[in-house]
Amino acid sequence: MSTRSVLFVNLRRIKREGFESLVAARRLGHRVVLLGRALPEFAAPLVDEFHQVDTYDTELALKTAREIAAVHDIAGVVNFTEIDVQLVAAIAAELGLPGMSPEAAVLARNKLAMKNALTGIEGVLPKFARVADLADLREAVARIGFPCVVKPTGASGSKGIFELHGEADLEPAMTELSRIADPAFDAVFRQFGAEFIVEEYLVGDELSVEGFIAGGQVRTILLTDKVTTVPFHLEVSHRLPSVLPEAAQEEIRRRAEEILLALGFDHCAFHLEAKWDGERMRFIEVAARPAGDYIASHLIKAATGVDFFANVIRVATGDPLELTPDRDLHAGLRFVFADRAGTFEGVDGVTELFEEPGYDHVFTEVTPGSQVALPPANFGTQRVAAVCARASDRAGLDALLDAAGERITARIS
Ligand SMILES: Nc1ncnc2c1ncn2[C@@H]1O[C@H](COP(=O)(O)OP(=O)(O)OP(=O)(O)O)[C@@H](O)[C@H]1O
Ligand SMILES: [Mg+2]
């Protein structure tokens, strides 16, 4: 075992994703030093050393990282989460480790700064504007037109995505957004606060692009097809690889590369979200971290054999990436939603479903016995479980995920 350590900054909130990220470091033979707000119980046996820090306090976190580097051989600093992109870039810069520039990290984290940096790329951006209050929103919408979308500039996890279809939608959306964009509601709003972006509503097939950029070289692994709920855009299912026409996928890969280079992303995983309108790729956003929703932790490996999380660590330590597929399957997942607010008791239908060998996992995302609520009251608890499946072709995968959607139900009391 190497005596080199990888410095993790926080872990993904979903335990199974956090677990897989730590196991990936172990597979590569690294020690793990965790700098984070908390050490979850599942993580304790996989973390060699834990430093508890309020990672929203950049100065304190940087000071702690320097102290860690003084006594450990740190090979790289890595984040699997959205909110830690800037801190990881700052630590990498400070310690001379592979990483993206702090300037690029701001573009990664702020949906407005990101779009402003891409206005030179023809045809991919929706019309957009910054808004701080209702008056701004009215003015912006007069120019952009309906339908459009208003959302916080610095959030993630689809917290506060509001579709606007007419004048009557503006005030309720702003009221809700002002309530949500409060650090007391969610700490993610400590970074950019009550700043919003309104965008033209993009139509088409929703997808994401998963890959890495290292030394300015973009390496796309695959595209994922995505279905979201109406109207709050929570993810319902992910299916990969995408079955969009090959020419469309080529164009999307080319555009993704152009965007990543324009933003100056480097030495990181990326997860780019977009729509394909039949002719053009329309850009939603790109994150400088691996995809969530088990895409990077489980599904890419299930479909291709590529160990995405191990490569997240390789890109952070400057080691060569290993992206050669060893299989050619279709993998996907479908979320199970609570249909009303109440106490989540568990999921029904799993035993019968698992008679079929194509199902790999059922993950619960909410602890049984806890309260769940639906958006807009809460954006994090309606999804109570996820079912993952694999098949040799898309039709087979669709059949498995559709059956899971019908047969697995959330018990709410
Ligand atoms: N301009 C737009 N047009 C159409 N749909 C949009 C637009 N902006 C956002 N959406 C929908 O809302 C979803 C979430 O938006 P966005 O990615 O900007 O927010 P987020 O908080 O980062 O969410 P997540 O973390 O789930 O990606 C998108 O995946 C898409 O389905
Ligand atoms: Mg997003």
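So the values come out like this:
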{"item": "Listed residues Tyr359, Tyr56 arranged by accessible area, highest first, probe 1.4 Å", "result": "Tyr56, Tyr359"}
{"item": "Centre separation in Å (Cα based) which lies between the range 197-234 and the range 122-189", "result": "19"}
{"item": "Percent accessible area from carbon and sulfur atoms, the chain, protein chains only, probe 1.4 Å", "result": "49"}
{"item": "The chain: radius of gyration over Cα atoms, expressed as a fraction of 2.2 N^0.38 Å", "result": "0.96"}
{"item": "Reachable lysines, given that their alpha-carbon falls under 19 Å from the alpha-carbon of Lys15 and they are not under 8 places away in the same chain", "result": "Lys301"}
{"item": "Vicinal HN-Hα couplings computed from phi for the range 107-114 (Karplus, 6.51 cos²θ - 1.76 cosθ + 1.60; Hz; Gly/Pro x)", "result": "5, 5, 9, 10, 4, 7, 4, 4"}
{"item": "Cα-based convex hull volume of the range 16-61 per residue, rounded to whole Å³", "result": "77"}
{"item": "Relative packing of peptides 267-274, 347-354 - highest average C-beta neighbours within 10 Å first", "result": "267-274, 347-354"}
{"item": "5 Å-binned pair-distance histogram of the range 162-221 (Cα, whole percent)", "result": "4, 13, 15, 13, 12, 19, 12, 8, 4, 1"}
{"item": "Residue-by-residue Karplus 3J(HN,Hα) for the range 257-268, coefficients 6.51, -1.76, 1.60, Hz, glycine and proline x", "result": "5, 4, 5, 4, 5, 5, 7, x, 4, 7, 6, 8"}
{"item": "Lys, Arg +1 and Asp, Glu -1 on Cβ, resulting dipole of the chain about Cα centre, debye, nearest 20", "result": "620"}
{"item": "Packing-based ranking, highest mean first, of 71-78, 119-126 given that Cβ atoms within 10 Å are counted", "result": "71-78, 119-126"}
{"item": "Size-normalised alpha-carbon gyration radius of the range 127-200, reference 2.2 N^0.38 Å", "result": "1.00"}
{"item": "Amide H partners (placed H, <5 Å) of Ile221, local residues excluded", "result": "Glu210, Gly211, Phe212"}
{"item": "Whole-Hz couplings from phi, Karplus 6.51/-1.76/1.60, listed for the range 139-146; x for Gly and Pro", "result": "5, 5, 5, 4, 8, 7, x, 9"}
{"item": "Value of [θ]222 nm, deg cm²/dmol, for the chain, DSSP H segments ≥ 4, -39500 (n - 2.57) each, nearest 500", "result": "-9000 deg cm²/dmol"}
{"item": "Whole-number accessible area per residue in Å² for the chain, which is evaluated in the context of all protein chains at 1.4 Å", "result": "40"}
{"item": "Rounded accessible area of Met174 (nearest 10 Å², 1.4 Å probe)", "result": "10"}
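The values are calculated or read from the model by the stated rules, or taken from the named source; none is laboratory data. Keep in mind that this is a model prediction, so the values were computed, not measured. We place every Cβ from the backbone using ideal geometry, glycine too, and count neighbours over all the protein chains shown. We work out accessible area using only protein heavy atoms, side chains counted, and drop any ligands, DNA or RNA first. Shrake-Rupley method; radii C 1.70, N 1.55, O 1.52, S 1.80 Å.
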